[in-house]
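Please find one structure pasted underneath; my questions will follow.
The values are calculated or read from the model by the stated rules, or taken from the named source; none is laboratory data. Nothing here was measured: the structure is a model prediction, and the numbers come from that model. Positions of Cβ are backbone-derived with ideal geometry, glycine not excepted, and every protein chain shown enters the neighbour counts. Quick note on the areas: whole protein, heavy atoms, side chains included, nothing else; ligands and nucleic acids left out. Shrake-Rupley method; radii C 1.70, N 1.55, O 1.52, S 1.80 Å.
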Amino acid sequence: MSAFPFADRPRLFGVAVSHYQVEGDDECDWTDWEAAGRTKGGACGRAAGAWQRYEEDAALAAGLGANAFRFSVSWSRVEPKRGLFDEVALARYRRFVERLVSLGLEPVVTLHHYTHPRWFHEETPWTAPSSVDAFARFARKTARALAPHVRLFIPFNEPLVLLLGGFLDGQIPPGLADPRAAARALDHLFAAHAETAAVLREEAPGAAVGVAHNMMDFAPDRPGHPLDALLARHARRLYNTAFLEAFATGRWNLWIPPFTRLKGRRDALPGSLDFVGVNYYSRLHVRFPAATRVLTGFAYRDRQGRGLTDNGWEIVPESFGALLGDAGRLGLPVLVTENGLADGADALRPAFLESHFAALAAAEAAGVPVAGYLHWSLLDNFEWLDGYGPKFGLFAVDPDTLERRARPSAAVFRALSKSFLRLSLPEGHAQNSVHI
Ligand code: BGC
């Protein structure tokens, strides 16, 4: 049984990064995707150089008043050839985890954040049952290396986005647009989550297992238009709750208009989640009929007058609150695993932080069991299809020297950490106590 939220650390406050987006020089399927010209933003290259600078980055997070740090493990570094595990890479992650713990930062470890080892799509693709064993074996190896120091694991970041982008839209590896392949891949992703949860419970008894689920709001593009409204309602349910509920019921039946239905059942799923992770960014406006599928006929609009982020996303804290409510209905602790914006000038970030924290507090007051908040991101990083354009960091990263420089909003974040963590701390509890 997981004891999350932990008695010695009832709330988490911190930052999130992912391996490929910050580490640099990681050779994997995404590197090939870039080389094949499938992205708009060019090559990732050395990213933010975090592979050499993780310890420094941990100190930056601690300086922000954080008590948690979410990162992901690169499967391609750990298992560069099928069945061949790189102990040096595992030891490097272990050193990082030890550093986090020594700074009073709770490590939140994601095992899959979009990328795959080069061999994966050929040898054990998500469309094949062998993918489940392959992933669980990698999870076991990693957990064995890190478990004594890690109490929070997230097998998959945004499995629904991986499914839509990788198997229905062809935008990310493996680049398929094939409903039958999507149906098989989804079944195996769910199976891999359940199997990995079982493995983690063996290797890290007492650890909590979650999913980082991307949640989006949907609104009618033509306000008041009944068909747009219908489509928005359907999309909201499909994208957010229908997918999440599968973890609780073991069944899914997802209709992706107009022609795709993904239906299935995995009895090992119920009980495989200890917390729900929410990645929240924005809201989409949908128009009937959707060009091909519900998620392709959409647009971002500045309906609230708060401005659009550098990559054109609408800022809607109200949607954040509402979606936290949806996530809370699973009856599990809710951890915000990502929330943030691309804002190189740092003009919108201070108000974004304030308004999203107000929404978080309101959701909590309304009964959502909020266990913490992790901001995306600590650093400017490599943004998948868009390269280095969008700047999500509380710290800017100099592209030449890789030097980190705090943006003014880092101070706003630090101030919020104090109020957020104090809110629930028992008397005399040391805020940054180390738990091992
Ligand atoms: C992903 C991150 C990404 C962020 C901003 C999230 O959906 O998990 O990897 O950088 O969105 O686009």
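I'd like the antiparallel share, as a percent to the nearest 5, of DSSP beta bridges with both residues in the chain. Mind dumping the intermediate values first?
Values: 15 of 53 bridges.
Bridges in the chain are about 30 percent antiparallel.
Whole percent per 10 Å bin, from 0 to the bin with the longest distance: what is P(r) over all C-alpha pairs of region 95-182?
Pair shares across the bins are 16, 41, 26, 15, 2.
Rg(Cα) of the chain divided by 2.2 N^0.38 Å?
Cα-based Rg divided by the globular estimate yields 0.91.
Something else: As a check on your grasp of the helix formula, calculate [θ] at 222 nm for the chain: sum -39500 (n - 2.57) over DSSP H runs of n ≥ 4, divide by the residue count, round to the nearest 500. Display every interim value, and only then the final one.
Working: 14 runs with 157 residues, N = 436.
One gets -11000 deg cm²/dmol as the mean residue ellipticity at 222 nm.
Based on the mean of other beta carbon atoms within 10 Å per residue, what is the order of 365-377, 169-181, most packed first? Numbers along the way, then the final one.
Numbers: 365-377: 21.3, 169-181: 17.2.
Final packing ranking: 365-377, 169-181.
Taking the alpha-carbon centroid of each part, what is the distance from region 325-368 to region 231-258 in angstrom?
Their Cα centres are 22 Å away from one another.
Quantify, in whole percent, the carbon and sulfur part of the accessible surface of region 17-57 (1.4 Å probe; protein heavy atoms only). Don't skip to the answer; put the middle values down first.
Numbers: 750 of 1590 Å².
Here carbon and sulfur together make up 47 percent of the probe-accessible area.
Let me ask another. What part of the accessible area of region 246-404, given as a whole %, is carbon or sulfur when the probe is 1.4 angstrom? Mind dumping the intermediate values first?
Details: 3260 of 5940 Å².
Looking at region 246-404 in its full context, I get 55 percent from C and S.
Follow-up question, since we're still on this one. When you take every Cα atom in region 5-104, what is the radius of gyration, and what is Dmax, the widest Cα pair distance, in Å?
15.4, 49
With an 8 Å cut-off on Cα pairs and a minimum separation of 6 or more residues, tell me the relative contact order of the chain in percent. Each step should come with its number before you reach the end.
Numbers: 919 pairs, mean separation 80.2, N = 436.
Answer for the chain is 18 percent.
Within the P(r) computed for region 147-259, what percentage of the Cα pairs occupies the region above 17 Å? Walk me through the numbers on the way to the answer.
Working: 3928 of 6328 pairs.
So the pairs more than 17 Å apart make up 62 percent of the total in region 147-259.
Provide the FRET efficiency to the nearest 0.05 for the D398-D302 pair, computing r from the beta carbons and using R0 = 30 Å.
0.45
Here's a follow-up. For the chain, modelled as a GNM with alpha-carbon contacts under 10 angstrom, which of T260, T196, T337 fluctuates the most?
The residue that fluctuates most here is T260.
Stick to the Cα atoms of region 58-211, pair each with every other, and give me the Kirkwood hydrodynamic radius in Å at one decimal.
15.9 Å
Per 5 Å bin, what percent of the C-alpha pairs of region 332-411 does each bin hold, from zero upward?
Distribution as computed: 3, 14, 23, 21, 15, 12, 8, 3, 1, 0 percent.
Using the heavy atoms of the protein chains alone and a 1.4 angstrom probe, what is the accessible area of the chain per residue in square angstrom? Working shown, then result.
Details: 15910 Å² over 436 residues.
Roughly 37 Å² per residue, with all protein chains present.
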